[in-house]
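The values are calculated or read from the model by the stated rules, or taken from the named source; none is laboratory data. Since we're looking at a predicted model, the values are computed, not measured. Because the Cβ atoms are built from the backbone with ideal geometry, glycine has one as well, and the counts that use them run over all protein chains shown.
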Amino acid sequence: MRRFDLVVVGAGISSGSLVYNLLKQGFTGSILALDRGDKIASGATAFSAGGFRNLWTSEINQKICSHATTQLKNFQSEMGVSCGYQPCGYLFTYYAKSWVKIPRAAEIWAKNGVNFDLYSPEQIEAKIPGMKCGIDHIDPEVAEFLGFEPIVGGVFGRDCGSFDPSQAAVGYFERAMSDYAVKPQLQLNTEVLKVLFDGARATGVTVKDANGAEEKIEAGIVALCCGSWVNNLLRQSGLPEEDLTPVIAQKRMMFITDFPGHPNEDPRWHDIPLTIIDQGIYFKYESGNLMIGKARPDEPDSFDTTLEPSYYVDEVNQPMQERIPSTSVCKLKSGWGGLYDTNSADHNAIVGWHANHPGLLLQVGYSGHGAMESPAMGICLAELIIHGEYRTIDCKPLRWSRFREGQLIHETIVI
């Protein structure tokens, strides 16, 4: 039977960051990373919108994302490969009832060193070509039907932007496997069937390869970086419901459209921030196209990832063209469906040791902000494994046991 000091389930950006940062910090044990896909970043990482921001209402998310932003900014110089880092900024827009809460949030952001600007409607319109913050141009019945109100202000995050999580994941794994004497092993096309336990302690995994052959692998630590699949795996491993996580799987679709006219007609299109407008619609410039997304609020707990073009036509483009009339001509070119590992309790990551099962490390439940937090979280979890404590950022607020302790992290800016 093979044995490793650490078995990591998953080969996305969260796994890659953990493995790389463990080795960087001096971990000399044997590591095996497992993934049922046929390549690095074949799951949720590949379908991420790739945004990063430190505009949050919870201090822990601000700290993690600010540190992660620094890692992304320095990624190419440290790793020798690009992660597609684009500091284009984030722009949140607000109706009056939400805008009144911004001064308090601004105090917290300033306290934690977040770089931001407060925008007037005129500044927003100057930033986004063709955008109209008022609603006088909209038929009153349409505005009422869509729930539209005038946009009275915006928050622009200067240190925010976008990157390519798949490129980052590949960079982490390639450097980990080439730069260190004890090289981690990466085994693809391998499904993890269950985690093995000796009493309460995690002791390994059972896997099945592409040919259907099953194998038991011993491990000193089992790290679950498997996103939406975490509860399925833990149930298959025989854990009771009270030992699971509040993670559900929710489909999130991204749509690629052409521009309302050629982007060279208005060079501002090339520099637009990732922008969030009415009904949670968000969009950004993406290689000569627009990338647009909108979370369906009542998305069921399901592993379905079917792209629904009708959702773009009926639920995305219709309200978007009311706010930015020129987008009425934007035609859908392509798109995809991916999965959020949504933490249904408080929409924040679940990281660190499982309180009931020694040797079981969790890094799941990111609820859509896993790609942007992983560059910092890998550093923090590596510290936890090697030193027995967090040193860079205290991530204990994100522990699994917070749910039974009633210590939820209330985050209001989730898209």
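Name the residue that is surrounded by the fewest Cβ atoms within 10 Å (Cβ to Cβ), counting only residues in the stretch 391-413 that are among the basic types (K, R) and assigned to a helix (DSSP H, G or I).
R404
Against the definition (of a type outside the set (A, V, I, L, M, F, W, C) and over 30 Å from R36 (Cβ atoms)), how does N289 come out, yes or no?
yes
Sort out for me the strands (runs of 3 or more DSSP E) sitting completely within the stretch 122-204 that have 2 or more residues that are under 17 Å from D35 (Cβ atoms).
By residue number, 185-187, 191-198.
Scan the stretch 210-241 for residues that are in contact (Cβ under 8 Å) with a residue 40 or more places away in the chain and of a type in the set (D, E, K, R) and report the count.
Number of matching residues: 3.
Residues checked against (1) in contact with a strand residue (DSSP E or B) (Cβ under 6 Å, 6 or more places away or on another chain); (2) small (G, A, S); (3) modelled with pLDDT of 95 or more:
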| residue | (1), (2), (3) |
| --- | --- |
| Q318 | no, no, no |
| R323 | no, no, yes |
| L339 | yes, no, yes |
| H347 | no, no, no |
| G365 | yes, yes, yes |
| G370 | no, yes, yes |
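Which residue out of H369, H354 is assigned by TED's automatic domain parsing to the domain that holds L398 and more than 17 Å from the chain's Cα centre (by Cα)?
H354
If we keep just the residues of the stretch 99-121 that are part of a helix (DSSP H, G or I) and modelled with pLDDT of 95 or more, which is farthest from the chain's Cα centre (by Cα)?
Selected residue: P121.
Looking at the stretch 19-35 only, could you name the residues that are farther than 11 Å from V9 by Cα and assigned to a loop (DSSP other than H, G, I, E, B)?
Q25, G26, F27, T28, G29, S30
Check whether at least one residue in the stretch 70-89 is within 30 Å of G171 (Cα to Cα), out of contact with any Gly (no Cβ under 7 Å at 6 or more places or on another chain) and charged (D, E, K, R), and report yes or no.
Yes, that holds for at least one residue.
Go over the candidates G89, G80, G130, G84 one by one and state the one that is in contact with a Cys (Cβ under 6 Å, 6 or more places away or on another chain), farther than 16 Å from A376 by Cα and of a type in the set (G, A, S).
Result: G89 is the single residue among G89, G80, G130, G84 that is in contact with a Cys (Cβ under 6 Å, 6 or more places away or on another chain), farther than 16 Å from A376 by Cα and of a type in the set (G, A, S).
This table checks each residue for (1) farther than 30 Å from K194 by Cα; (2) basic (K, R); (3) touching a residue at least 40 places away in the same chain (Cβ under 8 Å).
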site	(1), (2), (3)
S15	no, no, yes
L18	no, no, yes
N21	no, no, yes
T28	no, no, yes
R36	no, yes, yes
I40	no, no, yes
T45	no, no, yes
A68	yes, no, yes
F92	yes, no, yes
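Residue check: is G29 surrounded by 24 or more Cβ atoms within 10 Å (Cβ to Cβ) and either modelled with pLDDT of 95 or more or touching a Lys or Arg at 6+ places or on another chain (Cβ under 6 Å) (or both)?
It is false that G29 is surrounded by 24 or more Cβ atoms within 10 Å (Cβ to Cβ) and either modelled with pLDDT of 95 or more or touching a Lys or Arg at 6+ places or on another chain (Cβ under 6 Å) (or both).
Filter the stretch 36-58 for residues that are among the hydrophobic types (A, V, I, L, M, F, W, C) and either more than 30 Å from S98 (Cβ to Cβ) or part of a loop (DSSP other than H, G, I, E, B) (or both); which is farthest from the chain's Cα centre (by Cα)?
Taking the candidates together, the pick is I40.
In the set G171, G153, G130, G147, which member is under 30 Å from T275 (Cα atoms) and surrounded by 22 or more Cβ atoms within 10 Å (Cβ to Cβ)?
Sole residue among the options that is under 30 Å from T275 (Cα atoms) and surrounded by 22 or more Cβ atoms within 10 Å (Cβ to Cβ): G171.
So which residues in the stretch 59-84 are assigned to a loop (DSSP other than H, G, I, E, B) and buried (at least 19 other Cβ atoms within 10 Å of the Cβ)?
Selection gives C83 alone.
Is it the case that S77 is under 30 Å from Y180 (Cβ atoms) and either more than 23 Å from the chain's Cα centre (by Cα) or in the same structural domain as A169 (by TED's automatic domain parsing) (or both)?
yes
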